[in-house]
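Enquirer: Right, I'll just put the structure down here and ask away after.
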Amino acid sequence: MFVKITTAGQRRYVQLVESFRDEQGRVKKRTLATLGRLDQVDGGLDTVINGLLRITGRPAVGAPPGWPTVIFESTRTFGEVWVLTELWNTLGFSALRGGFGKTRHRLDIEALLRLMVFNRLCDPESKLGVLRWLETVALPGMALSKVTHQHLLRSLDALIDHQAAVAQVVAGVLRPMITQELAVVFYDLTTIRAEGASTPTGDVRQWGMAKEGLIAQQFLLGIVQTAEGLPLDHQVVDGNTAETATLLPTLNRLLTRFPTVRRVILMADRGLLSLDHLAALQAIRLASGQALEFILAVPGRRYAQFADVLATFAPPPAPTATAEVIGEVAWQGLRLVVAHDPVRAAQETQRRQAQIQTLTTQVDQWAGKLDRQDAGVRQRGRQLSDRGATARFYQAVSEARLSRIIKVDLKGKLFSYQIDESARAQAELLDGKLLLVTNTPDLTPPEIVSRYKALADIERGFRVLKSELAIGPVYHRLPDRIRAHAWLCFLALILYRVMRQRLKTAQIGLSPERALERLQRIQYHQIRLNATHAVTGLSTLHHQQTEVLKALNIKKPLAAPPLTLL
């Protein structure tokens, strides 16, 4: 069917014509309607045309152009996951996929573990919370069509089944990042609270006083880190294990995984020093045959044993001195490095004097009340007994940790005490001092003190685990699931520390948390026009995001790569 213009004499007509075949199959044309003379056609045909257009669902003639039907899908966070994926691959963690090649689970274990590690850094949640988080992010390079809670739990089981292969891959990732000539390592433990009332076989959870100040089940997590804060090894042990019992097995495992290290200087906090332990440490040898070196802090409870040695350390500085004084003396065949901070010493001495003054003022009031009672003077309030005053004063002295200085007579019938001036002088001698025992032959005392003080920065790694990475409380019941959870947090801590080092080198003044927060603004968008195929794209990168990517040495995502939306 078509429109035809025919001529009759001097006039031309607009006709609606159709083609057809006659009985012999020849093509014929017949006129269905004459729409009028061509020179008289005006807007009158618009009604017919618009009717036909309306039937076909098209806009009418002369109508303004209509807006397309646009469907906006929910945006998804992309920037932070993109950066973590690039870090994961460039560092070499993608090699974990080979370690799970023979797993009994037909799952992409490496991808599932990667999801949970990224969740620790972006929005730490429970394993069920990971599923909620997945609905808010776009995942680059993730060949997963579906993730369930059981998938996540099965991947944790596979992690423990293949943890030897995982440890080998992680060691391979870390080796290029540590120095072979001098590897200063820090070792410390912390308690992690765990929930659950059941007691499975081999349970690592034990009851004890948690960091939150309540009695709870907990386990111990030990971590070895370099001087730059890079985690090298970790272990989960029973919550009631003595700290010193965990040190030697950890060191032996560390030396096995990093056999090319020619020198190791171990640094540990005050709770790991004992004479028996020092002898065991001195007996450890590296693969090269060289002795293990160590720098250990003397616990405060043992400072009194070093009073005679400290008396020969150096004359006390002038009262107005503020600079730290560092020196060393020999002690049992080792070096005892002493750092004296005059400002801190003055503060500790002043605080102790104020505590003693407060206690003696209180005890003088009690003594006066006892004397007036004995004299028969009537007084308001309850009567005070000698035994009662003794018990209350002893408790106050113990809480102030001054029992070595203030001696309370617990056996006498009458309330009495005395101040041991020699103990007081000894305490003032130890004020402001840091005592370090070491066998390193070539480091100077200031270098030894400086390296130990870096331990405070390393201990922040535990705060990262407990705050940013939210390692606890742990709600897993099975011991192996708890160990797998610790593995995830350990891998996340490695990525966190690598990010921190690169950001610090770039000097842009951002922590990893703030950097990831900036990258969250890089969003993945998807729209559909007129219910047709989807159009995807990424948010425009601004200077803040570009600065972070450059500092982390991560390339820009120039276009929306193939992404997984779960």
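Enquirer: What list do you get for 88, 366 if you sort them by fewest beta carbons within 10 Å?
Expert: 366, 88
Enquirer: Next question, about the same structure. Applying the Karplus parametrisation 6.51 cos²θ - 1.76 cosθ + 1.60 with θ = phi - 60° to the phi angles of the stretch 477-492, what ³J(HN,Hα) value in whole Hz is obtained for each residue in order, glycine and proline being reported as x?
Expert: Computed from phi, the couplings for the stretch 477-492 are 9, 7, x, 5, 5, 5, 5, 5, 4, 5, 4, 4, 5, 5, 5, 5 Hz.
Enquirer: Give me the distance in nm between label points sitting 7 Å out from Cα along the Cα-to-Cβ direction at residue 58 and residue 418, one decimal.
Expert: 11.5
Enquirer: Taking the chain as the reference, fit the longest principal axis to its C-alpha atoms, fit the long axis of helix 46-56 to the helix C-alpha atoms, and give the angle between the two in degrees, 0 to 90, nearest 10.
Expert: Here the helix axis deviates by roughly 50 degrees.
Enquirer: When we measure straight from the Cα of residue 453, which aspartates and glutamates land under 20 angstrom away, once same-chain ones fewer than 8 places off are left out?
Expert: 188, 228, 269, 293, 324, 328, 341, 348, 431, 442
Enquirer: Could you please state, rounded to a whole Å, how far the C-alpha centre of the stretch 18-32 is from the C-alpha centre of the stretch 114-155?
Expert: 68
Enquirer: Let me ask something else. Which whole-number percent gives the relative contact order of the stretch 343-430, counting Cα pairs below 8 Å spaced six or more residues apart?
Expert: Values: 56 pairs, mean separation 20.5, N = 88.
So the answer I get is 23 percent.
Enquirer: What are the ³J(HN,Hα) values, in whole Hz, obtained from phi via the Karplus relation 6.51 cos²θ - 1.76 cosθ + 1.60 with θ = phi - 60°, for each residue of the stretch 27-35 in sequence order, with x given for Gly and Pro?
Expert: Ordered by residue, 3J(HN,Hα) equals 7, 10, 10, 9, 8, 8, 7, 9, 8 Hz.
Enquirer: Provide the FRET efficiency to the nearest 0.05 for the residue 385-residue 214 pair, computing r from the beta carbons and using R0 = 30 Å.
Expert: 0.30
Enquirer: While we're here: Could you pull out which residues in the stretch 22-57 have an amide N less than 18 Å from a spot 7 Å beyond the Cα of residue 4, following the Cα-Cβ vector?
Expert: 22-38
Enquirer: Fewest first, what order do 241, 201 take by the number of other Cβ atoms within 10 Å?
Expert: 201, 241
Enquirer: Additional query: Which entries of 504/550; 146/556; 369/413; 407/433; 146/555; 4/29 have Cα-Cα distances beyond 20 Å here?
Expert: Details: 504/550 12 Å; 146/556 28 Å; 369/413 16 Å; 407/433 25 Å; 146/555 28 Å; 4/29 11 Å.
Check vs 20 Å cut-off fails for 146/556; 407/433; 146/555.
Enquirer: Here is a further query. In deg cm²/dmol, rounded to 500, what helix-only [θ] at 222 nm does the chain give when every DSSP H run of at least 4 residues adds -39500 (n - 2.57) and the total is split over its residues?
Expert: So the helix-based figure for the chain works out to -12500 deg cm²/dmol.
Enquirer: Counting Lys and Arg as +1 and Asp and Glu as -1, what is the net charge of the other residues whose Cβ lies under 11 Å from the Cβ of residue 522?
Expert: Spelling it out: positives minus negatives among the neighbours equals +3.
Enquirer: Counting other beta carbons within 10 Å of each Cβ, put 489, 122 in order, fewest first.
Expert: The fewest-first ordering by Cβ neighbours comes to 122, 489.
Enquirer: Can you tell me which aspartates and glutamates have their Cα less than 12 Å from the Cα of residue 28? Leave out same-chain residues fewer than eight positions away.
Expert: Counting by Cα, and skipping residues close in sequence, residue 28 has these aspartates and glutamates nearby: 18.
Enquirer: Under 8 Å for C-alpha pairs, at least 6 residues apart: give me the relative contact order for the chain, rounded to a whole percent.
Expert: Worked out over the chain, it gives 19 percent.
Enquirer: Under a Cβ-only charge scheme (Lys and Arg +1, Asp and Glu -1), can you give me the dipole magnitude of the chain about the Cα centre, in debye to the nearest 20?
Expert: Numbers: 71 positive and 52 negative charges, 410 e Å.
Charge dipole, the chain, about its Cα centre: 1980 debye, nearest 20.
Enquirer: Right, next: Answer with a single label: of [x] 26.1; [y] 27.7; [z] 30.7, which was calculated as Kirkwood radius over Cα pairs in Å from the structure in view?
Expert: [z]
Enquirer: Rank 476, 151, 342 by how far each Cα sits towards the positive end of the charge dipole of the chain (+1 on Lys, Arg Cβ; -1 on Asp, Glu Cβ) and give me just the farthest.
Expert: The residue sitting most towards the positive pole is 151.
Enquirer: Under 12 Å from the Cβ of residue 150, count the other residues' Cβ atoms, weight Lys and Arg +1, Asp and Glu -1, and hand me the total.
Expert: +2
Only the coordinates and a few stated rules stand behind these numbers; no lab work does. Please read all numbers here as calculations on a predicted model, not as lab measurements. Every residue, glycine as well, gets a Cβ built from its backbone with ideal geometry; the counts of neighbours run over all protein chains shown.
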